[in-house]
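The values are calculated or read from the model by the stated rules, or taken from the named source; none is laboratory data. Please read these numbers as outputs of a predicted model, since none were measured by experiment. Heads up, the Cβs are rebuilt from the backbone with ideal geometry, glycines too, and the neighbour counts pull from every protein chain shown. Heads up: the accessible areas ignore ligands, DNA and RNA and are worked out on the full protein's heavy atoms, side chains in. Shrake-Rupley method; radii C 1.70, N 1.55, O 1.52, S 1.80 Å.
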Amino acid sequence: MKVISLIGARPQYIKEAVLNKAFKEAGVEEIIVNSGQHYDYNMADVFFEKLNIKAPDYNLKVGSGLHGEMTAKIMVGFEKLVMDIKPDVVLVYGDTNTTLAGAIVSTKLKIPLAHVEAGIRMLPKDMPEEINRTLTDRISNYLFCPSELSVVNLKKEGITQGVYFTGDVTYDLFLQSKEHFDYSVYENMKLEENKYILVTLHRDYNVDDNERFEKILKELDKLSKDFRIVFPIHPRSKKRIEQFGYEKYINGIELIEPIDYLSLMGLLQHSKSVITDSGGFQKEAYFSKKPAYLPMPDPAWHELVNYGMNTLCEADNIYEKILDEKDYNYVPNIYGQGDAGEKIVNILGERIDV
């Protein structure tokens with residue numbers, strides 16, 4: 001079996017690390033294509049180094065741009081590769097423009113399409129990520145669901161063929177990488193256990209809306225009077241702070257450059273809690289048994305909110321929610337047993353006609 005895995009953003013590199021290992025162990029030929037959607041060193045190349053992932057066989061180097069422009073560039077480059085390589089299956093991951101571009105190309109070329117992390121649903125429906133994931137699910141042949149709820153979501157939409165509850169590959173990686181977490185940022189910043197809040201923000205819903213982003217930054221500024229606020233800042237968020245003139249709100253916030261997965265996990269382990277709009281980081285907080293506060297209208301992971309481990313916030317009540325923190329009651333194994341990668345590879349091996 002010959003597999004092409006198309007990746008292009010931090011969460012996809014992480015998922016790929018798990019599948020790459022599982023494919024190697026199964027003796028499956030895998031070709032990795034990096035769209036280049038995220039091109040910042042700390043957001044991209046460093047993951048291949050730190051996680052010991054096989055370097056991409058191809059890099060489309062599309063960079064940033066408007067959604068249509070970026071998606072089109074990926075489709076043009078990826079289509080040529082797929083026609084040349086003739087894989088037995090194409091794997092796409094998550095909910096980025098890279099995901100949708102790869103899904104459209106493989107489906108139109110009649111190559112079986114597998115979607116890792118299928119079935120997640122969240123509001124608002126017009127978020128680019130939600131559009132990408134929903135459309136990809138509609139045309140996928142194999143839908144690998146990280147939770148039982150994601151299977152239910154697909155069933156509600158009439159999608160029942162090729163649907164599998166495998167568990168979440170990011171939980172596999174978390175367990176595999178735990179002994180390698182990097183605590184150097186924690187140590188260099190002289191942080192103290194449970195006395196800082198870790199922040200990640202990047203979704204256009206939050207940072208492109210100047211009024212909403214201002215409210216969030218004001219809340220972080222208030223929190224900085226009670227806790228140290230550590231914010232590995234996404235390039236988009238940094239650009240918007242400069243564009244909107246919001247520098248006055250970040251004087252008490254400790255902004256640092258984007259960091260690699262192992263360093264981020266190291267910071268997470270000793271934090272008090274997390275404020276994030278990242279779907280992946282919501283789960284990683286759960287894996288680390290840390291409460292997460294989500295300035296979003298709807299979570300990517302409803303299970304975690306339903307069980308009370310993550311909390312939805314308005315842009316202007318984050319401070320209030322954190323000060324009113326409830327007891328944290330951890331519910332185990334929501335996302336499987338840590339063997340999702342092996343299950344996915346086995347399913348494809350059994351069902352793909354080579």
Item checked: Whichever lysines have a C-alpha closer than 23 Å to that of residue 178, once near sequence neighbours (fewer than 8 apart) are set aside -> 15, 21, 24, 50, 54, 190, 195, 272, 283, 289, 290, 343
Notebook entry, point to check: Magnitude of the Cβ-charge dipole of the stretch 216-354, K/R +1 and D/E -1, about the Cα centre, nearest 20 debye?
Noted result: 300 debye
Next item on the list: Loop sites only, by DSSP: take the trypsin sites (Lys or Arg not before Pro) in the chain that have at most 10 other C-beta atoms within 10 Å and name the longest stretch containing none of them.
Entry: 1-109
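Measuring with a 1.4 Å probe in the full set of protein chains, what accessible area per residue, in whole Å², belongs to the stretch 76-167?
Working: 3580 Å² over 92 residues.
Here the per-residue accessible area is 39 Å².
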Item checked: Average Cα contact separation per residue, the stretch 248-329, under 8 Å, 6 or more apart, as relative contact order % -> 21 percent
Notebook entry, point to check: How far apart, in nm, are two points set 7 Å out from the Cα along the Cα-to-Cβ line at residue 320 and at residue 251?
Noted result: 2.6 nm
Notebook entry, point to check: Name the GluC sites (Glu not before Pro) in the stretch 59-168 that are in a loop by DSSP and that have at most 13 other C-beta atoms within 10 Å, would you?
Noted result: 157
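Contact order normalised by length for the stretch 116-235, with contacts defined as Cα pairs under 8 Å and 6 or more residues apart; what percent is it?
Details: 103 pairs, mean separation 24.0, N = 120.
It comes to 20 percent, rounded to a whole number.
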Notebook entry, point to check: Across bins of 10 angstrom width beginning at 0, how are the C-alpha pair distances of the chain distributed, in whole percent?
Noted result: 5, 26, 35, 24, 8, 1, 0
Note to self: Under 16 Å between alpha carbons, and skipping anything fewer than 8 positions from residue 218 in its own chain: which lysines qualify?
What the structure shows: 238, 248, 321
Checklist line | Potential lengthening between residue 236 and residue 83 on full extension [0.36 nm per residue; Cα-Cα distance subtracted] | finding: 51.7 nm
Checklist line | Apportionment of accessible area to carbon and sulfur, the stretch 165-232, percent (1.4 Å) | finding: 43 percent
Margin query: With an 8 Å Cα cut-off and a minimum separation of 6 or more residues, compute the relative contact order for the chain in percent.
Written below: 17 percent
Note to self: With a cap of 12 neighbouring Cβ atoms within 10 Å, and only residues DSSP puts in a loop, list the chymotrypsin sites (Phe, Trp or Tyr not before Pro) found in the stretch 294-323.
What the structure shows: none
Checklist line | Farthest toward positive dipole pole in the chain [+1 Lys/Arg, -1 Asp/Glu at C-beta], among 332, 202, 267 | finding: 202
Checklist line | Equivalent-ellipsoid semi-axes of the stretch 73-186, from the Cα gyration tensor, Å, largest first | finding: 25, 20, 15
Item checked: For the stretch 150-195, size of Cβ-based charge dipole, Lys and Arg +1, Asp and Glu -1, in debye -> 300 debye
Margin query: Just want the answer: with Cβ charges of +1 for Lys and Arg and -1 for Asp and Glu, which residue in 174, 349, 217 is farthest toward the dipole's positive end in the chain?
Written below: 349
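With charges set only on the Cβ (+1 for Lys and Arg, -1 for Asp and Glu), what does the dipole of the chain come to about its Cα centre, in debye to the nearest 20?
On the way: 42 positive and 54 negative charges, 76 e Å.
Computed charge dipole of the chain: roughly 360 debye.
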Note to self: Through the Karplus equation 6.51 cos²θ - 1.76 cosθ + 1.60, θ set to phi - 60°, convert the phi angles of the stretch 335-345 into ³J(HN,Hα) values in whole Hz; use x for Gly and Pro.
What the structure shows: 10, x, 9, x, 10, 5, x, 4, 5, 4, 5
